[in-house]
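**Q** Encoded as C-alpha cells, here's the structure I'll be asking about.
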Amino acid sequence: MKRGKFLLGVFLTLLFTGGWLFWDYYGRFFNPNVELKDSSIEFYINSSDDFQDVIKSLANESIIKDSSSFRWVANYKNYTGSIKAGRYQIFDGMSNNQLVNLLRSGEQDPVRLIIRSVRTKEELASIVGKHLETDSADLMSLLNNEGYCQRYGFNSTSIFTLFIPNTYEFYWNTTAEEFMTRMAKEYKRFWTDVRVDQAKRIGLTQSQVSTLASIVQAEQGAHPDERPIVAGLYLNRLKKGMRLESDPTLIFALGDFTIKRVLNVHKEVDSPYNTYRNAGLPPGPIFLPEISSIDAVLKPTQSNYIFMCAKEDFSGYHNFASSYREHQNNAIRYQRKLNAQKIYK
C-alpha cells in the first residue's frame, strides 16, 4: 500500500514537473515576447554585429520584454553563430520563435532608394550612405578610383553618367561594390540597342548624351515638353562647331547655385565646364539628368535653331531663333523684364 502511494507520488511529481517544463518551454518559444508602441518597427543588424550586439540592440530599443528567454531560444535554434546583417521588419506580438526564425532566415525587407538629379558624386554618395549600410566614403573611394572606373568603361568623371535617376530596391546591407555592380546592370538595361543606335545617329557616346541631357534639363527644368527643341538646338551648335554658351554650365563651374542672372564677369571663370570659353561638351554632366531628358537628346526636334532666350513672360518657356539678330531682339525683351523686376544677379 505504501509502495503504491509512493509510486503514485513519484508519478504525480514527474507529471507535474513534466507539465511545468513543457509549459515553460512552450512559453519561451511561443508566447509573445515582442512588445512595441506601434504595430511594427525597422530593426537593423550591421555586418560587424555579433549575437551580443543583436540582443543588446533588441533590449535597448525595447523590442523584446525578456532577453533571457530570447537568448535561450536563439541558442536552441543555433542562431547565435549565424548572424545575418540586414534591415528587418519586426511586428508587435511576435514570439521568440518567430523573431529568431526571421533573423536567422536573413529575409529582410528591401529599402527603396530614390536616385534623383543630384549635382555631384558627393551628393550621390551621401544619399546612398543615408539609406544603405554602405559607407559614403567607401563609395566615393570607388568613384574616384580611375582603375576601378575603367572596369565599367568610364573615367572618374564620366562614371557619374553610370547612374540613371529612378527608384531602386536594395537590401540595406549592400556594400559599395555591390551597389556599383547593381547600377552597372541597371545602366545596361536602360541603354537598349535602340537607345545605343539613336546615340550613334546623333554622333554622341552614351556618356556624352547624358552630359548634354543634363544641360538641356538645366535649361528647361519646368517644361519637359520643350526639352527636345532645346536638345536639337544644342546639337545644331555642336555640328556647326559653335560653343554651347550655356548659362547653367557657368553656374556649375562657379559652384554658386544662387545665381539667377549670368553676367559677363561670370563668363571669365577658368573651368572645363565654362561652355562660353570652351568648345564642345564639358567633361561630364552638371547633374544626373532624368530619363526624359536623355530621351529628348536621343530624339531631338529637327530645326534650324541655334539661339535661345527665356521668354519675357517668365513662363519658363523659351524664344528660339535661327539668326543672331532675331536672338538679340528676344534677349533685349527679356533683359528689360529682368530690370523691371530688379533682378540684377
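**Q** Could you work out the local net charge near ILE229, counting Lys and Arg as +1, Asp and Glu as -1, over the other residues with Cβ closer than 12 Å to its Cβ?
**A** Counting the neighbours of ILE229, the net charge comes to -1.
**Q** Calculate one ³J(HN,Hα) per residue across region 67-77 by plugging θ = phi - 60° into the Karplus curve 6.51 cos²θ - 1.76 cosθ + 1.60, and present them in order as whole Hz with x for glycine and proline.
**A** After applying 6.51 cos²θ - 1.76 cosθ + 1.60, I find 5, 5, 5, 5, 4, 4, 5, 4, 5, 4, 9 Hz.
**Q** Given the pairs LYS56/LYS77; LYS267/LYS311; LYS267/LYS299, which span a C-alpha to C-alpha distance of over 24 angstrom in this model?
**A** LYS267/LYS299
**Q** Going by average Cβ neighbours within 10 Å, how do the peptides 202-209, 80-87 rank, with the highest at the top?
**A** 202-209, 80-87
**Q** While we're on this one: Given R₀ = 35 Å, FRET efficiency for ILE332-THR301 by Cβ-Cβ distance, to 0.05?
**A** 0.85
**Q** Nearest 0.05, what FRET efficiency do ASN278 and HIS131 give at R0 = 41 Å with Cβ-Cβ as r?
**A** E between ASN278 and HIS131, to the nearest 0.05, is 0.70.
**Q** Between rounded, prolate and oblate, where does region 111-190 land on the alpha carbon gyration tensor, with a ≥ b ≥ c its root eigenvalues, rounded for a/c under 1.5, else prolate if a/b exceeds b/c?
**A** Rounded, since a/c falls under 1.5.
**Q** Around ALA296, with a cut-off of 10 angstrom between Cβ atoms, what is the net charge of the other residues, counting Lys and Arg +1 and Asp and Glu -1?
**A** Its environment carries a net charge of -2.
**Q** Related question: Given contacts defined as C-alpha pairs under 8 Å and at least six residues apart, what's the relative contact order of region 111-190, whole-number percent?
**A** RCO, region 111-190: 40 percent.
**Q** Once label points are set 7 Å from the Cα along Cα→Cβ at both TYR148 and GLU107, what is their separation, rounded to one decimal in nm?
**A** 3.4
**Q** Next up: Can you give the FRET efficiency for TYR26 and ASN46, using 1/(1 + (r/R0)^6), R0 = 35 Å, r = Cβ-Cβ distance, to the nearest 0.05?
**A** 0.60
**Q** Okay, next question. Sorted by average packing, counted as other Cβ atoms within 10 angstrom per residue and highest first, what order do 312-321, 60-69 take?
**A** Order by mean packing, descending: 312-321, 60-69.
**Q** Next up: Under 20 Å from a label point 7 Å along Cα→Cβ of ASN166: give me every residue in region 207-243 with its amide N that close.
**A** It comes to 207-214, 217, nothing else.
**Q** While we're on this one: Can you tell me, using C-alpha contacts under 8 Å and at least 6 residues apart, the relative contact order of the chain as a whole percent?
**A** Over the chain, the number comes to 14 percent.
**Q** Say each of GLU178 and VAL196 gets a label point 7 Å from the Cα, pointing the same way as Cα to Cβ; how far apart are those two points in nm?
**A** 2.9
**Q** Compute log10 of I(q)/I(0) for region 193-340 with the Debye formula, placing one identical point scatterer on every Cα and leaving out solvent, at q = 0.11, 0.15, 0.19, 0.21 Å⁻¹, to two decimals.
**A** -0.39, -0.75, -1.23, -1.50
**Q** Further, regarding this structure: Residues with beta-carbon under 15 Å from that of SER141, excluding SER141: net charge, scoring Lys, Arg +1 and Asp, Glu -1?
**A** -4
**Q** How big is the gap, in Å, between the Cα center of region 296-340 and the Cα center of region 37-76?
**A** Taking the Cα centre of each part, region 296-340 and region 37-76 sit 62 Å apart.
**Q** Direction-averaged shadow area of the convex hull around the Cα atoms of the chain, nm²?
**A** 25.4
Every number here is computed from the coordinates shown, using simple stated rules; none is lab data. Given the structure is predicted, the values throughout are model-derived calculations rather than measurements. Neighbour counts run over all protein chains shown; Cβ positions are idealised from the backbone, glycine included.
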